[in-house]
Amino acid sequence: MKYDTAYAKLIKKEETAENIFDFVLECPQLAEKAKAGQFAHIAVPGKTLRRPISICDADERNIRIVFQIKGEGTEILSKSKEGDLIDILAPLGHGFDIPKGKRIAFVGGGIGVPPMLFSAKQADDAVAVLGFRNKKAVILTEDFKKVCSEVFVATDDGSFGIHGFTSDILRNIINDIDMVCACGPMPMLKVIAEICKEHNKPCQVSLEERMGCGIGACLVCACKTLDKDGNIEHSHVCKKGPVYNAEEVVW
């Protein structure tokens, strides 16, 4: 795993929804290494532990992250100003393996939506399936429309898109796609994996776990997975993951 640390310059900041922030960080030495599904580990002033945030997008110079305020650390980060230097460790983890020539559904739920944008850009034919609590929480739909052949949106209360869940959409389109990549809450991922198994479709899932070091040196993000012989093991989400084949995960 190749990663590095740098002080990245915050060149663009926007609050795209309530308590959800969109940062563009200028850091060429890190951005050029980023792959779909990886994450950044960001230092927060006054806090010992870094905050893991998925990479939403990247090009040769910049890394884009979209995060939600979930505690004191991310609240402090959200108050950063354009021009500030941010201590970032990236890119980290094992991302999505996206084959060429396939029609792939990229399923994201809530704050699991951002990493699917960079991932969708790697596919020859990408379909986005996005789920949110309500209309106020909807983000990045216009970005997905630029890179996907189709974009489907569901909200829990029906205030935007269809009234339902990402799993409802996936069931309707599963026969027209070749594989699925997903990121979001564990209950959502479990249902998505079950649908793919039922229809014999390959499925990769990105797991959300609390992290400490971000490089596999501590045990904070250990989760139950299956090894190649089918035995249960505890693997580090930050290093072996965050992306796993769905059949590797002990649900």
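The values are calculated or read from the model by the stated rules, or taken from the named source; none is laboratory data. Quick caveat, the model's predicted, so the values are computed rather than measured. Counting neighbours? That spans all protein chains shown, and the Cβs are built from the backbone with ideal geometry, glycine included. SASA here: full protein model, heavy atoms, side chains in, ligands and nucleic acids out. Shrake-Rupley method; radii C 1.70, N 1.55, O 1.52, S 1.80 Å.
Within segment 88-98, identify whether any single residue is out of contact with any Pro (no Cβ under 8 Å at 6 or more places or on another chain), among the charged types (D, E, K, R) and within 28 Å of residue 189 (Cα to Cα), and answer yes or no. Yes, there is a match, as at least one residue in segment 88-98 is out of contact with any Pro (no Cβ under 8 Å at 6 or more places or on another chain), among the charged types (D, E, K, R) and within 28 Å of residue 189 (Cα to Cα). Looking only at segment 225-250, residues that are surrounded by fewer than 12 Cβ atoms within 10 Å (Cβ to Cβ) and touching a residue at least 24 places away in the same chain (Cβ under 8 Å) come to 1 in all. What do you reckon, is residue 126 part of a strand (DSSP E or B), open to solvent by less than 30 Å² (accessible area, probe 1.4 Å), farther than 27 Å from residue 221 by Cβ and of a type outside the set (Asp, Glu)? It is true that residue 126 is part of a strand (DSSP E or B), open to solvent by less than 30 Å² (accessible area, probe 1.4 Å), farther than 27 Å from residue 221 by Cβ and of a type outside the set (Asp, Glu).
Could you identify the single residue in 103, 64 that is within 22 Å of residue 146 (Cα to Cα), over 18 Å from the mean Cα position of the chain (by Cα) and buried (at least 16 other Cβ atoms within 10 Å of the Cβ)? Checking each option against the conditions leaves just 103.
When residue 98 is tested against (1) open to solvent by 60 Å² or more (accessible area, probe 1.4 Å); (2) touching a Ser or Thr at 6+ places or on another chain (Cβ under 9 Å), just one condition goes unmet, and that condition is (1). The number of residues in segment 109-123 being part of a helix (DSSP H, G or I) and polar (S, T, N, Q) comes to 1. Specify which of the listed residues (201, 190) is under 15 Å from residue 107 (Cα atoms), surrounded by 14 or more Cβ atoms within 10 Å (Cβ to Cβ), over 19 Å from the mean Cα position of the chain (by Cα) and at pLDDT 95 or above. After applying the criteria, what remains is 201.
If only one of 48, 5 is in a strand (DSSP E or B), modelled with pLDDT under 95 and surrounded by fewer than 17 Cβ atoms within 10 Å (Cβ to Cβ), which one is it? Checking each option against the conditions leaves just 5.
Total residues in segment 67-92 satisfying the condition of being closer than 13 Å to residue 14 by Cα, open to solvent by less than 40 Å² (accessible area, probe 1.4 Å) and either hydrophobic (A, V, I, L, M, F, W, C) or over 19 Å from the mean Cα position of the chain (by Cα) (or both): the figure is 3.
Restricting attention to segment 18-45, the residues being crowded, with 23+ Cβ neighbours inside 10 Å and assigned to a strand (DSSP E or B) number 6.
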